[in-house]
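Any read-out appearing in this document is the output of simple, stated calculations on the displayed coordinates, not a laboratory observation. Because the structure is predicted, anything quoted here is derived from the model rather than measured. All Cβ positions, glycine included, derive from the backbone under ideal geometry; neighbour counts span all protein chains shown.
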Amino acid sequence: MIDAGKVVADGSVAELKERHGRTRLDLRPARADELTHVLDSVGRAGASECAGVVHVELDPVRAAREITTIVAALRDQRIELDSIAVRESSLEDVFVLLTGSAIERSGG
């Protein structure tokens, strides 16, 4: 990965995303009054709420296991979800993280 003529990271796309990428779990409870319960259930640093959706930052290497644990805990508490989404970092996300600048788009 090169920024302004300098190598900022090397490796394949998969390696860069694994080393520097992030995984986020987005949970939207069926009832808005359960947002606090979802946040408490997740009980971890990196969990936040925005516009009725709880966002949970996960370790990409352990994301599948963590998601299973979180969803099972919510099920055990009888908290229903309207939606579950998993977002993994793109190569552009990794570039911005490593360089602190957005990718310039050329007109065309």
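Tabulated data for the structure shown
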quantity	calculated
Cut-off under 5 Å, modelled amide H: who pairs with Leu81 long-range	Ala30
Translational D in µm²/s for the chain (Stokes-Einstein at 20 °C, 1.002 mPa s, Kirkwood Rh from C-alpha pairs)	137
Label-point separation in nm, Val61 to Met1, each point 7 Å along Cα→Cβ	1.8
Around Thr68: net Lys/Arg minus Asp/Glu count, Cβ-Cβ under 14 Å	0
Helix runs (DSSP H) in the chain reaching 15 Å along axis by Cα, Kyte-Doolittle at least 0.0	63-76
Rough spin-label spacing in nm, given labels placed 7 Å along Cα→Cβ, for Arg24 and Leu98	2.1
Exposure proxy ranking, count of Cβ atoms within 10 Å, fewest first, for Val8, Val61	Val61, Val8
Gap separating the Cα centres of region 1-63 and region 68-95, nearest whole Å	9
Most mobile of Ser90, Ser48, Ser12 in a GNM of the chain (Cα contacts under 10 Å)	Ser12
Two-site label geometry, Val86 and Val53: point separation in nm, points 7 Å out along Cα→Cβ	1.7
